[in-house]
1. Can you tell me which of 159, 140, 308 moves the most in a GNM of the chain? Springs connect C-alpha atoms under 10 Å apart.
2. Among 318, 128, 172, which residue has its Cα furthest toward the positive end of the charge dipole of the chain, with +1 on Lys/Arg Cβ and -1 on Asp/Glu Cβ?
3. Which of the trypsin sites (Lys or Arg not before Pro) found in segment 184-278 are in a DSSP loop and have at most 15 neighbouring Cβ atoms, other than their own, within 10 Å?
4. Where the centroid of each part is defined by its Cα atoms, how far is segment 260-300 from segment 1-54 in Å?
5. Where does each of 80, 48 land when they are ranked from fewest to most other beta-carbon atoms within 10 angstrom?
6. Could you please state, rounded to a whole Å, how far the C-alpha centre of segment 82-153 is from the C-alpha centre of segment 325-384?
7. Express the relative contact order of segment 94-213 as a whole percentage, based on alpha carbon pairs under 8 Å and six or more residues apart in sequence.
8. Give, rounded to the nearest 20 debye, the magnitude of the charge dipole that the chain has about its Cα centre when Lys and Arg contribute +1 at Cβ and Asp and Glu contribute -1 at Cβ.
Amino acid sequence: MLGNVYIKEKEIYLYYDDDNIGKRTGMIYQLGYHLTNFTWFDIQNISDTYTAIINFILVTPKPYANDNSAFYDMLSDYIDRLDNYCPYLHFYTQALIKLLLDYPKIKSKAIDYIKEIATDSSDKINNIYKFLFNYDETVGLESISSSPKTPFQAQQMYGFYLKLGNLAKDILIGDINIKRDRIVNELQYITDEKEGLKDLNPKQRVLLLDFKKDRKYYTANELHSKFLPDKIIPPDIKSEERLKQFILEKAIDIVEMYQIDNIDDLIRFELLNLISSDILIKECQYCGYFFVPKGRTDTKYCDRINVGEEKPCNEIGAMKVYKSDKIGNPINELYQASYNRFYSRVRTNKMKKNDFRIWSEKASALKAWYIDAPDKKDEFSEKLNKLGVIYDKKTAMRKK
Ligand SMILES: [Zn+2]
C-alpha cells in the first residue's frame with residue numbers, strides 16, 4: 001500500500017503510508033492539478049535529482065550510525081523537492097531510497113520496492129536480477145558487506161550500489177514516461193473536439209477508452225474505501241471525554257478514504273473525480289501541456305515555467321497576444337500608419353476633428369474585421385486606402 005486519499009471540495013487529500021521516508025505525511029492539492037503536472041515536469045530534472053540521491057546515499061556514512069537525523073533531514077529535502085513537482089513522484093522516490101537503504105538487510109527482496117511501483121516495466125525489472133546474477137557469478141554477492149574492511153572492499157561496494165541504484169533509476173524514469181504518455185493520450189481523447197466524439201461527455205469517453213483495450217483500465221478496477229476520520233486520532237486517546245475534546249479541537253470530519261495500492265489507483269481516482277466534476281482540463285496554448293486552470297476558466301495558458309523559459313506561460317502568452325495585436329500584425333501596422341498620417345493632419349489643422357473622428361470610427365471597424373486575417377492584408381490595405389481617398393479629397397478642399 002502506498003497511502004490513502006480522499007476528496008473534499010474539489011481538493012485532493014493524499015496521505016502517504018506510515019513507513020514512508022521523509023518529514024511530510026502527505027499533500028493537499030487542487031483536483032487535477034498534479035495529474036496534469038505529472039504529464040508536464042522535466043523528466044531530465046527528475047533523473048538528475050535521482051542521480052544526486054543515489055550519490056548522496058552512497059557517499060554519506062550509513063544511517064545506522066549513532067546520529068542519523070542529519071542524514072534523514074537531507075534526504076527529506078530531496079524528497080520534498082520532488083514532491084513539490086508532483087506528489088506522484090513521491091512513491092517512485094521512496095522505492096529508490098528504500099532499495100538502497102534496505103538492500104544490505106533484506107538483499108534481493110528490496111527489488112520488490114521497484115517492482116511494486118514500476119507496474120508498466122515488469123520486463124525491465126529483470127535487468128536488476130540479471131545484474132545480481134552476473135555479479136554473483138563474477139565477484140560474489142557475499143563480498144558486498146555493509147561494513148567494508150579495506151579500501152578495495154569499500155570501492156567494490158560503492159561500485160555495486162552505484163550500478164544497482166542506476167539500474168533502478170532507469171526503470172523508474174522509464175516507467176514514469178510510460179505512464180505520462182498514457183495519461184496524455186487519454187486526456188487528449190477525453191478533451192478532443194473532433195467529430196464523432198463531440199456528442200460524448202468525458203465520462204462516456206472513458207467507457208470507450210476502456211472498450212478499446214484488452215484490460216479495462218478505469219471502469220472495472222476496484223478501489224477500496226472506508227469511512228474514516230479525516231485526521232488520525234492518536235492511539236493514546238482512551239476516554240470519551242478526551243476524544244470529544246480532540247474532535248472539537250481539530251474539527252474532525254468523517255470522509256470516504258480510498259486505499260491507494262499503486263500509482264494507477266491514484267491516476268484512476270484523480271482522473272475519474274476530475275471528469276465527474278465541472279473542472280476543466282485544458283491544453284496550454286503556449287507550451288502545449290495539459291493543465292487545470294486555477295483561477296479564470298477562460299485562461300489559455302498554464303502558469304508553469306518551462307525548461308528554457310524564464311517566465312510562466314501565462315506571462316509569455318499575454319505578451320505574445322499583445323505583440324500579435326499591436327506589433328507583429330500587418331493589419332494593425334497598416335491601420336496605425338494610416339491613423340498617424342490622418343492624426344498629423346488634425347494637429348496641423350489640415351483636417352477637421354469631426355472628419356477625423358468619423359474616419360477613425362470607420363477605419364477601426366475595418367481593422368476589427370480584418371485583424372484575425374493578417375493574410376488578407378492587401379485586401380485590407382485597398383479598402384483602407386479607398387476610405388482614406390474620401391478624406392484626402394476633403395483635406396484637399398480644405399486646403400483651397
Ligand atoms: Zn504552458
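1. Taking springs between Cα atoms under 10 Å, the residue moving most is 308.
2. Of the listed residues, the answer is 318.
3. Working: sites: 194, 198, 203, 205, 212, 213, 215, 216, 226, 231, 238, 242, 244, 250, 268; in loops: 194, 198, 213, 215, 216, 231, 238.
Within segment 184-278, the qualifying trypsin sites (Lys or Arg not before Pro) (loop, at most 15 other Cβ atoms within 10 Å) are 194, 198, 213, 215, 216, 231, 238.
4. Spelled out, the Cα-based centre of one part sits 15 Å from the other.
5. Numbers: 80 14, 48 11.
Neighbour counts put them in this order, fewest first: 48, 80.
6. 69
7. Working: 69 pairs, mean separation 29.4, N = 120.
About 25 percent, as a whole number.
8. Values: 61 positive and 59 negative charges, 685 e Å.
With Lys and Arg at +1 and Asp and Glu at -1, about 3280 debye.
Only the coordinates and a few stated rules stand behind these numbers; no lab work does. Owing to the predicted nature of the structure, the values given are computational and were not obtained by experimental measurement. With ideal geometry, Cβ positions are generated from the backbone for all residues, glycine too; neighbour counts draw on all protein chains shown.
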